[in-house]
1. Determine, yes or no, whether residue B:28 is more than 14 Å from DNA strand D (Cβ to nearest atom), under 13 Å from residue B:109 (Cα atoms), in contact with a helix residue (DSSP H, G or I) (Cβ under 6 Å, 6 or more places away or on another chain) and at pLDDT below 95.
2. Return the pair list, or none, for Cβ contacts closer than 6 Å from residues in the range B:34-54 that are closer than 24 Å to residue B:119 by Cα to residues that are away from DNA strand D (no atom under 12 Å from the Cβ), at least 6 apart or on different chains.
3. Any residue at all in the range B:81-88 that's within 14 Å of chain A (Cβ to nearest Cβ), in contact (Cβ under 8 Å) with a residue 40 or more places away in the chain and on the phi < 0 side of the Ramachandran plot?
4. With farther than 30 Å from residue B:145 by Cβ, at pLDDT below 90 and assigned to a loop (DSSP other than H, G, I, E, B) as the only criterion, which of B:108, B:104 stands out?
5. Cβ contacts < 9 Å: first residue more than 9 Å from chain A (Cβ to nearest Cβ) and outside any helix (DSSP H, G or I), restricted to the range B:179-206; second residue at pLDDT below 95 and surrounded by fewer than 20 Cβ atoms within 10 Å (Cβ to Cβ), any location; separation 6+ or different chain. Result?
6. Residue under question is residue B:64, and the condition is that it be closer than 26 Å to residue A:180 by Cα and within 16 Å of DNA strand C (Cβ to nearest atom); does it hold?
7. Within the range A:66-80, can one find any residue that is more than 14 Å from chain B (Cβ to nearest Cβ) and within 13 Å of DNA strand D (Cβ to nearest atom)?
8. Any residue in the range A:69-77 that is part of a helix (DSSP H, G or I) and within 16 Å of DNA strand C (Cβ to nearest atom)?
DNA sequence: CTGGGTTGACTGACTGTTCAGTCTATGGGC
DNA sequence: GCCCATAGACTGAACAGTCAGTCAACCCAG
């Protein structure tokens, strides 16, 4: 079994390697400009092998999108688990979406969101996936709120409804930040998001005067 | 002069024809899957002519994006001009972004936003353009608010700050609606947006029980 | 010797772009 | 009023490059 597993494990590693490489490349060049041979080159294999594993370019890239989004949400999950208070948790979420280069993320990973949306808009499979992923995201937000209520950090509110609105707001703000809109810099996005949350949930929050991050 | 103008006018018409056709096609198939020959076919011309006018595929598609976004904003402008009250104006804006098939728009025009963002993320020219367009959008929102203050429909607020937040929220909600998230149907998006506005600006608003639009 | 991982070489289709030249009409010289 | 030169819109055909996907063969662990 260890024997069979061995080759299977190698194969799985290869697959994951390729998925990660594909995700990186999509982030760098965009979905449409990512070639099979690029992915192959990055993992040190031949283009034919990539096809061997994924059958078609489209499934590779599509799975790569899934892969990286899941990675993102998993990271968010962990981060939340190791953060105690409601406010800090919310700050974490905002930070994660609205501030560039958070954590060890793939650089330019915002491009992945744009491509995900673009693909989802036209391909039902991707669309279905994205809906699930986003539901997971909103559930996380809602759970954070419910925990806050449970720990009596805030009064009772409709956690689900808040989650929908908050998630949408974060999406919108992250777009502006990702596209480097001079009017909506990360700091401002951060402030707007937290102000919204504090108003909707009824807790005190004031922007901490953090010195502007070095450009 | 009428003579010279004649050919010039024909040429301009052709250009606009092509831009519109390109915009439609981008909306239908997506930026990446729009071929020059498709555009040519739709206007009843040869692919060579399209190149003759635009020089390169990329400038055609890019200009087509600009073209259609400008069209959208112009429509919004007109709509606002013919709407008197603050609340009705806000409802118009929300409707425009969060309800499918508003007006005589290009069907599937949401796809254009996704493609615009995706392109803007990587191409500085497009990015610059988008920033301007979005600034125009926020200015419209801010102006609506200022008008409302001036007509004493609401108390004084920071119109600019509201515009940034509201625009972001609308973007986020429109994404969910465009991608047909079952949790965020148009009606709910509408409600969330208006609730946010009424809270932030301090006016009364309650959702009108409109019977669900036939599917 | 068997079978799965792996590859290099290849191809077939697609498509942006070029180019040489056609067609039409305008406008000036006679 | 006729004719030729010029320009600009327009096209068919070819070119050139790109790439996803195929295939027959190879390598090697078991």
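The values are calculated or read from the model by the stated rules, or taken from the named source; none is laboratory data. None of the values given here were measured: they were computed from a predicted structure. Backbone-built Cβ (ideal geometry, glycine too); neighbour counts: all protein chains shown.
1. Numbers: more than 14 Å from DNA strand D (Cβ to nearest atom): yes; under 13 Å from residue B:109 (Cα atoms): yes; in contact with a helix residue (DSSP H, G or I) (Cβ under 6 Å, 6 or more places away or on another chain): no; at pLDDT below 95: yes.
Answer is no for this residue.
2. Matching pairs, first to second residue: B:34/B:25; B:34/B:26; B:36/B:57; B:38/B:25; B:39/B:21; B:39/B:22; B:42/B:21; B:54/B:60.
3. no
4. Checking each option against the conditions leaves just B:108.
5. Final answer for the pair search is B:185/B:212.
6. In short, yes.
7. Taking the range A:66-80 as the starting set, the residues that turn out to be more than 14 Å from chain B (Cβ to nearest Cβ) are A:66-68, A:70-80.
Remaining after also requiring within 13 Å of DNA strand D (Cβ to nearest atom): none.
Checked the range A:66-80: no residue is more than 14 Å from chain B (Cβ to nearest Cβ) and within 13 Å of DNA strand D (Cβ to nearest atom).
8. no
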